[in-house]
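Bear in mind that the values in this text are calculations on the coordinates, not laboratory data. Just so it is clear, the structure is predicted and the values come from calculations on it, not from any experiment. We place every Cβ from the backbone using ideal geometry, glycine too, and count neighbours over all the protein chains shown.
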């Protein structure tokens, strides 16, 4: 039998306040953390309510921060961002709000930069295979089909 550590409500509350202060968190991450800490169900609800009331936990703020970060740092497209936010049980309203954080011109510029950078790394002679490799890469990163195929045909005639 495992010797699992259990926390008092006050101790768990302080730990989770620090956890949420460190970086934006979604409800799912906090619930997972509470489960891992072996906190009783009634206490979990109390702690979640406290975090929401004191603005440690805010889904809209999390979604906006997540979308901005994944776009600017990891260069993800909107489809990948939406998929990851849905995985974290974020509402459609908050997902749409988060996507508005991405500037449309910056979005297209990033796609161009990413496509050109990847194109120089592909050493395929056959233009069809080269176009497919580039398209697969951009689609995997979550860029929209129409943008990807327009970009690949523009770069590889």
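When segment 20-42 is filtered for residues that are crowded, with 17+ Cβ neighbours inside 10 Å and either free of Cβ contacts under 8 Å to residues at least 24 places away in the same chain or farther than 17 Å from residue 85 by Cα (or both), the ones remaining, listed by number, are 20, 33, 34, 37, 39. Checking segment 120-130 against the condition returns no match, with no residue being part of a helix (DSSP H, G or I) and closer than 17 Å to residue 78 by Cβ.
Here's the yes/no breakdown for (1) surrounded by fewer than 18 Cβ atoms within 10 Å (Cβ to Cβ); (2) touching a residue at least 24 places away in the same chain (Cβ under 8 Å):
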position: 76; (1), (2): no, yes
position: 83; (1), (2): yes, yes
position: 87; (1), (2): yes, no
position: 103; (1), (2): yes, no
position: 115; (1), (2): no, yes
position: 123; (1), (2): yes, no
position: 126; (1), (2): yes, no
position: 135; (1), (2): no, no
position: 143; (1), (2): no, yes
